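J.: Pasting a structure here, questions to come.
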Amino acid sequence: MGVELLQDSEVSELCDECASAAGIDLPRLLTTADDDELRLTQNAQPALCFAGLALTLLLRRRGIQPVAAAGHSVGEYAALAAAGSLTAAQVIKAVVERGKAMAEAAPAGTSSMAAVLGLDAQAIEVALAGMNDAWPANYNTPTQTVIAGTTTGLEVATQRLQLAGAKRVIPLNVSAAFHTPLMAPAAERLRDALDRIEWRAPRVPVMANLTGRPHQGGDRIPHAMEMQLRSPVRWAACVASLVELGCDTFLEVGPKRALTGMMRELAPGLTAVAVGTPTLVQELAITA
C-alpha cells in the first residue's frame with residue numbers, strides 16, 4: 001500500500017521519522033510485507049495509519065485542508081493527527097503499542113469478527129442478547145453491523161442471526177475481536193502509552209468512535225481512546241455528526257474505499273471520494 005507513497009521524498013522522510021520513533025521497520029511493512037504479515041494487527045495498524053497520514057500530507061500540500069475529521073477504529077488516531085492533536089510520530093508509536101496490546105489480549109485464531117448484512121442493529125442486539133462471547137462491534141450503516149467474539153461465540157451468533165433474518169454473515173480477515181470486552185486488558189495497557197502523549201485540543205472537530213460526537217478537549221482524549229478499544233465503533237453516528245456540522249464533501253484517505261462505499265447509505269446525495277494514492281490526490285487537486 002505504500003510503494004507509490006514512499007516515492008515522495010517528504011513522505012519518505014516522515015516514514016523514517018515514524019519508524020525510528022516506534023522502533024519498527026515501517027517502510028518494509030508498507031512496501032514488501034505479504035498478506036499474512038499485514039493481517040497481524042500489530043503490523044496492520046501502523047501501516048494503515050501511516051497511509052492516512054501520508055495522504056493527508058499530500059492533500060495539504062495541494063491546499064486541501066479538512067474542516068472536520070473522523071476515522072474508523074485505528075483511523076481515529078490519524079484523524080486526530082490531521083486535526084493537530086498529536087504528531088505523526090506519536091500516532092505510529094501509539095498504534096504500535098495498541099496493536100501489541102490487542103494481539104496479546106486475544107491471540108490470533110481465538111477470536112475474530114464478521115459483517116452482518118441485511119439486519120438492522122436493534123435486531124442484531126436482540127439476537128445476541130445474553131451472549132457473553134459475541135457482541136456488536138461496529139455500527140457501520142443501518143444495514144451493516146460488524147459483530148465480534150470468540151471463535152465459538154461467532155459460530156453461535158451466526159446461527160442466531162441467520163434465524164433472525166440476516167441476509168449474510170461474512171467472516172472478516174482480521175486477527176481478533178476488536179471493540180469488545182475481550183479487549184479490556186489491551187485497553188488498560190494502552191492507557192499507559194496514551195498518558196505519555198501530550199494531547200492537544202483538535203483544531204477542527206474530530207468525531208469520537210465512542211460517542212459519535214466531537215472530542216471535547218485534549219485532556220479527555222486518552223480516556224475516550226482507551227474506551228474506544230473495548231467499545232463498539234459508532235461510525236454511522238460519526239458520519240451523522242459530520243453532516244450535522246454542514247460537511248457535504250468527504251475524502252477517504254487510506255488504501256481502499258470501504259468507508260466511501262458506506263456513504264451511499266449514510267449520506268446519499270453528498271460527495272464522497274476515496275483518495276488512496278498520490279495519483280488520486282493529484283487528480284482531485286486538479287478538479288477541486
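J.: Give me the residue from the stretch 148-177 that is farther than 20 Å from Ala103 by Cβ and assigned to a strand (DSSP E or B) and, out of that set, farthest from the chain's Cα centre (by Cα).
T.: Among those that are farther than 20 Å from Ala103 by Cβ and assigned to a strand (DSSP E or B), it is Arg168.
J.: Only helices (runs of 4 or more DSSP H) wholly contained in the stretch 20-67 count here; list those with 1 or more residues that are modelled with pLDDT of 95 or more.
T.: Passing ranges, in order: 26-31, 41-61.
J.: Looking at Ala121, is it within 30 Å of Ile92 (Cβ to Cβ), within 22 Å of the chain's Cα centre (by Cα) and hydrophobic (A, V, I, L, M, F, W, C)?
T.: Here the answer is no, as Ala121 does not meet what is asked.
J.: OK, next. Against the definition (assigned by TED's automatic domain parsing to the domain that holds Thr41 and within 18 Å of Arg98 (Cα to Cα)), how does His215 come out, yes or no?
T.: no
J.: While we're on this one: So for the stretch 120-142 (the condition being under 26 Å from Leu251 (Cα atoms) and at pLDDT below 95), does at least one residue qualify?
T.: Among the residues of the stretch 120-142, at least one is under 26 Å from Leu251 (Cα atoms) and at pLDDT below 95, which makes the answer yes.
J.: Kindly indicate which of Arg189, Arg234, Arg203 is in the same structural domain as Leu270 (by TED's automatic domain parsing) and closer than 23 Å to Met262 by Cα.
T.: Step by step, each of Arg189, Arg234, Arg203 is checked, and only Arg234 is in the same structural domain as Leu270 (by TED's automatic domain parsing) and closer than 23 Å to Met262 by Cα.
J.: Which residues, counting only those in the stretch 114-147, are in a helix (DSSP H, G or I) and loosely packed, with under 15 Cβ neighbours inside 10 Å?
T.: Matches in the stretch 114-147: Gln122, Glu125, Val126.
The values are calculated or read from the model by the stated rules, or taken from the named source; none is laboratory data. Note that this is a predicted model, so its numbers are computed, not measured. Positions of Cβ are backbone-derived with ideal geometry, glycine not excepted, and every protein chain shown enters the neighbour counts.
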